[in-house]
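*Asks:* First the structure, then my questions, so here it is.
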Amino acid sequence: MKKILLLICIVFLGCKSYYQVTDNNAQFYLTDNELTSDSEIEEMISPYRDKLNKKMGEVIGTLETELTKDQPESTLGNFVADAILASAKKRYSKQVDFSLPNYGGLRVPYIKAGDITMSDMFELMPFDNKLVIVHLNGADVKQLFDHITGLGGWPISKGVEIRLDTLNQKNEYIINGEDLKLNNKYTFCVSDYIANGGDNCSFLKDKKRDDLNLLFRDALIEYVKENKIINVNLEKRTSYK
């Protein structure tokens, strides 16, 4: 029962709404202004709601400029990619070359400058996806990068440069200062959703991987708490030649 109530509170009470006008047609309906909430339900939920609201309102850091979601690169995407890479490197004893959150996994269009709350992180990443390390060779990485550029671009961590050449249809991929080499071995951090083939990444399903036993959302929270002040810029990680 507690888990059910917590889920109800998260979905209906703990999140902001983001509005975008899609249609200006209006319809009008009669409503009953005398409707009241069920007192028994209200009494049952109230303690959980108050506790949750307090937790969701906890300030964990400060954002110097607004983060926005966009393609092929965005400040929100850069923040998320760098955050999960930092958490992965803390937990994985070997080299982690880059991280790659999927664009559709970022569930808010922006986060306003100012206080960063727990609620902001839950709204950004509401799903309980976990982070994993996936092992690829260079040819696999090229396939992955070709895939994401074909979708308009996904967030990518610092140290990766994707140069899109639409005229000659020959993209350039650079990882940690070196051109992608098809025979090299690479590791990257990604959500288990993508590693399991989500977002049309079925080619990743059979690849070797290591679980980090860390929720994607918890990695973001950890990163904000450790850095306190978050300042993110566009860096031409993905750009057109």
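Taken together, the values in this text are just the output of simple stated rules run on the coordinates, not laboratory data. What you see is a predicted model; the values in this text were computed from it and never measured. Every residue, glycine as well, gets a Cβ built from its backbone with ideal geometry; the counts of neighbours run over all protein chains shown.
*Asks:* Going by average Cβ density within 10 Å per residue, which order do the peptides 66-75, 163-172, 89-98 take, highest to lowest? Could you put the intermediate results ahead of the total?
*Replies:* On the way: 66-75: 18.9, 163-172: 11.5, 89-98: 14.7.
Per-residue mean Cβ counts within 10 Å order the peptides as 66-75, 89-98, 163-172.
*Asks:* Calculate log10 I(q)/I(0) of segment 120-172 for q = 0.13 Å⁻¹, where I(q) comes from the Debye formula with a single equal point scatterer on each Cα and nothing for solvent.
*Replies:* With no solvent term, the Cα-only Debye profile gives -0.47.
*Asks:* Moving to a separate point now. By counting other Cβ atoms within 10 Å of each Cβ, how are Val59, Val141, Val80 ranked from fewest to most?
*Replies:* Details: Val59 12, Val141 23, Val80 26.
Placing the least packed residue first, the sequence is Val59, Val141, Val80.
*Asks:* I've got another one for you. Sequence-distant or interchain residues sharing an amide H contact under 5 Å with Thr62, placed H: which?
*Replies:* HN-HN under 5 Å from Thr62: Ile116, Ile229, Ile230.
*Asks:* May I pose another question? Kindly state, as a whole number, the per residue volume in cubic angstrom of the convex hull around the alpha carbon atoms of segment 134-220. Please list the in-between numbers first.
*Replies:* Working: hull volume 9.2 nm³, N = 87.
Convex hull volume per residue, Cα atoms: 106 Å³.
*Asks:* Work out Dmax and Rg for segment 86-241 from the C-alpha atoms and quote the Rg first, both in angstrom.
*Replies:* 15.7, 45
*Asks:* Sticking with this structure for a sec: If packing is taken as the average number of other Cβ atoms within 10 Å across a peptide's residues, how do 174-183, 123-132 rank, most packed first?
*Replies:* Values: 174-183: 12.4, 123-132: 19.1.
Taking the mean over residues of other Cβ atoms within 10 Å, the ranking is 123-132, 174-183.
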